[in-house]
Amino acid sequence: MHASSLENMARCYERFVAGSALEAKDVVQVLDVGGADVNGTYRTIFNSPNMAYRAADLVAGNGVDIVLDDAYHLPLADGSIDIVISGQMLEHCEFFWLAFGEMVRVLRPEGYIFLIAPSTGPIHRFPVDCYRFNPDSFDALARYAGCSLVDSWRDERGPWRNLVGVFRHPAASSVEVRRQAGEAPAPPAWPMPLGFVNEPAAERCSGRETTLDVLGQIHDELGPSSYLEIGVHRGKSLALARCPTVAIDPHPLLEEPPAFVRLFECTSDEFFERHASGCLTSPIDLVYIDGMHLFEFALRDFMNAERHASPAGLVVVDDIFPTHLLQASRRPQTAAWTGDVWKLVACLRKHRRDLVILQLDTWPTGLLLVAGLDPDNRTLWDRYDDIVDSYTRGGELPPPPEVLNRSGAEDSYSPRFRRLLPELSKMLAKSRGHADVRRSLMSAGLLNAAASSKRRASDRPAVSVVVVAYNMARELPRTIRSLSPAMQRGISGDEYEIIVVDNGSTDPFDRAACERWGANLRIELLDGAGPSPVKAVNRGLALARGEVCGVMIDGAHLVSPGVLAGAAAAARIHPRPVVATVPFHLGPDIQMRSIFAGYDQDTEDRLLDDVGWTADGYRLFGIASVFGLYRGGWFVPHESNALFMTRAMWKELGGYDERYRSPGGGYANPDAYWRACELPDIQLVVLLGEGTFHQVHGGIASNARVSFHEVFLEERRRIRGKRQPPPVAPVFFGAAPSEALPLVLLSALEESMGEIRPNYDLPPRPKATGTSGKYS
């Protein structure tokens with residue numbers, strides 16, 4: 001469930017249900033067709049106590065209340081449902097018009113159908129992907145089913161650019177339809193309870209000069225001929241305007257505005273959709289954004305403002321510098337509330353390198369200045385869903401110290417600020433276009449000539465992940481899902497690639513099941529594959545384009561949600577990083593032992609379903625055991641099933657040693673890990689609180705009934721001779737989520753106990769001393 005889909009469904013609710021007689025019913029029957037909870041659900045929108053929400057889908061799953069025997073028959077009586085909703089389902093429905101006919105059949109005469117379907121976007125089979133929908137298609141669908149299409153719109157945000165349709169029953173009152181299709185009702189009052197924390201430190205603000213003083217200076221020096229303000233409140237900043245002005249606020253607290261101000265009492269989203277084209281008839285020179293203090297709202301306000309701005313214009317955003325963690329909460333807990341608007345700075349620096357970005361240390365909560373605007377740029381629009389997901393998934397993300405400390409913030413006396421306004425004023429006076437403005441900003445030293453937001457053919461993803469598969473038809477699709485943008489946090493889908501190398505499987509996996517989850521997914525079939533996966537690993541490394549490359553020699557491992565973002569971030573803390581994750585086994589014990597107690601694939605499937613890992617991958621820690629050969633978890637590193645280094649370092653290492661020819665690679669994986677740790681001037685970085693989780697399958701090591709240790713050990717001795725693991729002390733990077741804390745404590749306990757021999761035939765563990773992570 002992507003962000004724009006949730007926002008569009010919320011818009012349907014606000015326009016056609018909120019404040020209506022339908023919403024006031026004692027019980028409102030809501031049916032979500034295709035409503036399995038796949039990384040989100042519309043249930044959070046239709047959540048009033050009187051809403052009886054049910055989701056119907058073809059298979060049982062998270063959030064499914066009705067399992068359909070027939071995709072084209074709803075087991076419900078005629079006219080029994082008040083609101084039928086369906087999002088991201090029609091494209092996967094081979095005969096969608098039949099399914100829509102059923103929605104109309106079960107709809108009550110005064111009810112609504114809200115449909116959302118993509119008009120563009122990549123193929124994502126689930127299990128099929130048949131259609132994309134143009135605006136006229138919903139008109140045709142209404143005529144086919146004999147109902148009324150009362151409203152529709154096409155969202156411009158990518159990659160799906162959803163088409164949204166609002167349908168009424170053919171017997172619905174025509175008066176009611178006309179009323180609902182007109183202007184939306186006034187938005188409700190602030191929906192979140194304001195539970196302020198009585199803590200003086202949480203209300204502390206700082207700044208070298210006031211926001212109003214700097215805004216006044218900007219008005220004076222820029223001399224805008226048009227001004228747009230989002231978030232008027234009591235009108236103090238609005239009073240600085242001296243030119244034709246458009247002001248937006250759903251609940252303004254100001255007296256009669258000046259004659260040159262047009263005040264729209266609505267949300268900014270509503271304004272840009274319904275009013276902007278009629279009143280913003282010329283480019284805006286200056287924009288001030290002080291609206292809803294949530295990242296996605298600030299992002300949308302910037303996107304819409306830039307689209308209507310002059311290329312020489314300036315966008316100013318308030319509330320980028322919280323001084324306390326409570327100020328940065330996504331729910332207001334302090335009077336000085338900034339929310340997570342601070343994320344907008346990082347987002348623009350990452351995705352819009354063509355912009356001039358300047359942070360000012362103003363009282364009370366800082367200002368962001370953005371120049372070099374490009375009204376035609378679609379980068380943020382096309383990547384909107386991935387961007388919002390990467391910055392909001394997982395809920396609260398505390399601001400880093402550099403935000404709380406205002407590192408790098410400037411004031412109005414700084415050279416950059418003093419150069420910026422005159423350059424923009426000069427370009428505004430000449431009505432210059434984007435190219436001229438860029439050249440002017442470059443000549444003033446405000447913009448790097450190489451800065452560009454357009455992706456070049458030579459651009460590489462930040463991270464590549466090589467996944468080797470052999471007879472993993474059950475396991476591999478789940479592995480890819482755990483690596484997908486839908487589950488990985490802090491990294492967007494266009495920042496990494498997944499390279500699957502099939503090592504000659506005799507039981508091939510379902511490509512479509514993997515492709516439905518993979519962004520930038522490439523699948524390679526290795527010809528002439530042997531029993532060892534080593535050649536497959538090296539083939540994947542040869543194909544990898546990322547600056548940082550990771551190897552998963554066993555593709556049956558699920559990964560926790562922060563592995564990819566953590567690897568990318570950890571690789572930046574040292575010039576020559578070796579970034580390791582800790583492997584775990586799923587199940588009540590390490591799998592070499594648990595299979596003797598009846599643990600099998602069916603047991604594991606039930607375990608995964610029960611824990612709900614697809615909703616939050618960190619829940620895997622609750623059903624995991626510390627990986628088998630050596631205990632000590634994070635604190636006694638011995639090998640990794642997701643090992644990351646730079647591409648140059650993999651080349652220096654020579655990849656995996658192809659002399660390891662045993663089935664499953666024998667000890668090729670720990671060998672590669674040890675050799676990486678022996679490279680000169682490296683820093684071993686272990687991702688604390690992240691891990692990989694082995695699914696039970698027909699692998700040679702964890703599922704064998706007898707130990708292959710001596711065979712593998714002899715092969716390693718022939719290749720390497722007798723050797724000990726390198727004495728490398730790791731740096732631990734990241735923070736452990738609450739779900740992982742029991743295993744962190746267990747790891748620390750076992751590390752402190754030293755050697756612990758298992759009660760079955762496995763190699764002895766190395767003895768660890770202290771807490772440095774060094775081998776003895």
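The values are calculated or read from the model by the stated rules, or taken from the named source; none is laboratory data. Nothing here was measured: the structure is a model prediction, and the numbers come from that model. Here the Cβ positions follow ideal geometry from the backbone for every residue, glycine too, while neighbour counts run over all protein chains shown. Accessible surface is based on the protein model in full, side chains and every heavy atom, while ligands, DNA and RNA are left aside. Shrake-Rupley method; radii C 1.70, N 1.55, O 1.52, S 1.80 Å.
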Backbone N under 19 Å from the Asp78 label point (7 Å along Cα→Cβ), restricted to segment 105-123
105-113
Taking a point 7 angstrom from the Cα of Tyr131 along the C-beta vector, which residues in segment 140-168 have backbone N less than 12 Å away?
140-145
Potential lengthening between Ala597 and Leu713 on full extension [0.36 nm per residue; Cα-Cα distance subtracted]:
39.1 nm
Lys and Arg at +1, Asp and Glu at -1: add these up for the other residues within a Cβ distance under 15 Å of Pro283 and post the number.
-2
Can you give the net charge of the other residues whose Cβ lies under 10 Å from the Cβ of Asp386, counting K and R as +1 and D and E as -1?
-4
If you take every residue apart from Ala77 with its C-beta less than 15 Å away from the C-beta of Ala77, what net charge results, scoring Lys and Arg +1 and Asp and Glu -1?
0
Which of the peptides 80-87, 414-421, 150-157, 5-12 is most tightly packed, and how do the rest follow, judged by the mean count of other Cβ atoms within 10 Å per residue?
80-87, 5-12, 150-157, 414-421
Apply the Karplus curve 6.51 cos²θ - 1.76 cosθ + 1.60, θ = phi - 60°, to the phi angles in segment 38-51 and return the couplings in whole Hz, x for Gly and Pro.
10, 6, x, 8, 6, 4, 5, 7, 9, 10, 5, x, 8, 8
For the chain, what is the calculated [θ] at 222 nm in deg cm²/dmol (nearest 500), taking -39500 (n - 2.57) for each run of four or more DSSP H residues and dividing by its residue count?
-8000 deg cm²/dmol
Above-threshold pairs, the threshold being 32 Å between Cα atoms, out of Lys236/Lys343; Lys651/Lys722; Lys343/Lys430; Lys350/Lys651; Lys535/Lys722; Lys25/Lys343:
Lys343/Lys430; Lys25/Lys343
In sequence order, what are the phi-derived ³J(HN,Hα) couplings for segment 59-74 according to the Karplus relation 6.51 cos²θ - 1.76 cosθ + 1.60 with θ = phi - 60°, rounded to whole Hz, with x for glycine and proline?
10, 5, x, 4, x, 8, 9, 10, 8, 7, 7, 10, 4, 10, 9, 9
Evaluate E = 1/(1 + (r/R0)^6) for Arg154 and Arg659, where r is the Cβ-Cβ distance and R0 equals 45 Å; express this FRET efficiency to the nearest 0.05.
0.20
Going by a ≥ b ≥ c, the root eigenvalues of the Cα gyration tensor, does segment 11-104 fall in the rounded group (a/c under 1.5), the prolate group (a/b larger than b/c) or the oblate group?
prolate
In degrees, nearest ten, helix 709-720 long axis to first principal axis of the chain (Cα)
90 degrees
Note on the chain: contact order normalised by length, alpha-carbon pairs under 8 Å, 6 or more apart, percent, works out to 8 percent
Taking a probe of 1.4 Å and leaving out DNA, RNA and ligands, segment 197-309 shows per residue an accessible area in Å² of 44 Å²
Express the accessible area of segment 29-187 per residue in Å², computed with a 1.4 Å probe while the remaining protein chains stay in the model.
42 Å²
Along segment 365-374, what does the Karplus equation 6.51 cos²θ - 1.76 cosθ + 1.60 (θ = phi - 60°) give for ³J(HN,Hα), rounded to whole Hz, x for Gly and Pro?
9, x, 10, 10, 10, 10, 10, x, 5, 10
Counting only protein heavy atoms and using a 1.4 Å probe, what share of the accessible area of the chain belongs to carbon plus sulfur, as a whole percent?
53 percent
What distance in nm lies between label points placed 7 Å from Cα along the C-beta direction at Arg234 and Ala52?
4.9 nm
Which percentage, to the nearest 5, of the DSSP beta bridges contained in the chain is antiparallel?
35 percent
Set the Förster distance to 25 Å, then compute FRET efficiency between Arg330 and Asn62 from the Cβ-Cβ distance, nearest 0.05.
0.60
Suppose the chain between Asn405 and Arg439 were pulled fully straight at 0.36 nm per residue; how much longer would it get relative to their current alpha carbon spacing?
8.9 nm
Magnitude of the charge dipole, the chain, Cβ model with Lys/Arg +1 and Asp/Glu -1, debye to 20:
2400 debye
Net length gained if the chain between Lys430 and Gln217 were fully extended (0.36 nm per residue, minus Cα distance)
74.6 nm
Hey, can you rank 340-351, 309-320 by average C-beta count inside 10 Å, highest first?
309-320, 340-351
Excluding same-chain residues fewer than 8 positions from Lys426, which aspartates and glutamates have a Cα within less than 16 Å of its Cα?
Asp220, Glu221, Asp285, Asp436
If I take the Cα coordinates of the chain and project them onto the principal axes, what are the three extents in Å, biggest first?
88, 70, 52
Okay, which of segment 533-556 sit inside 14 Å, backbone N to the point 7 Å along the Cα-Cβ direction of Lys651?
541-549
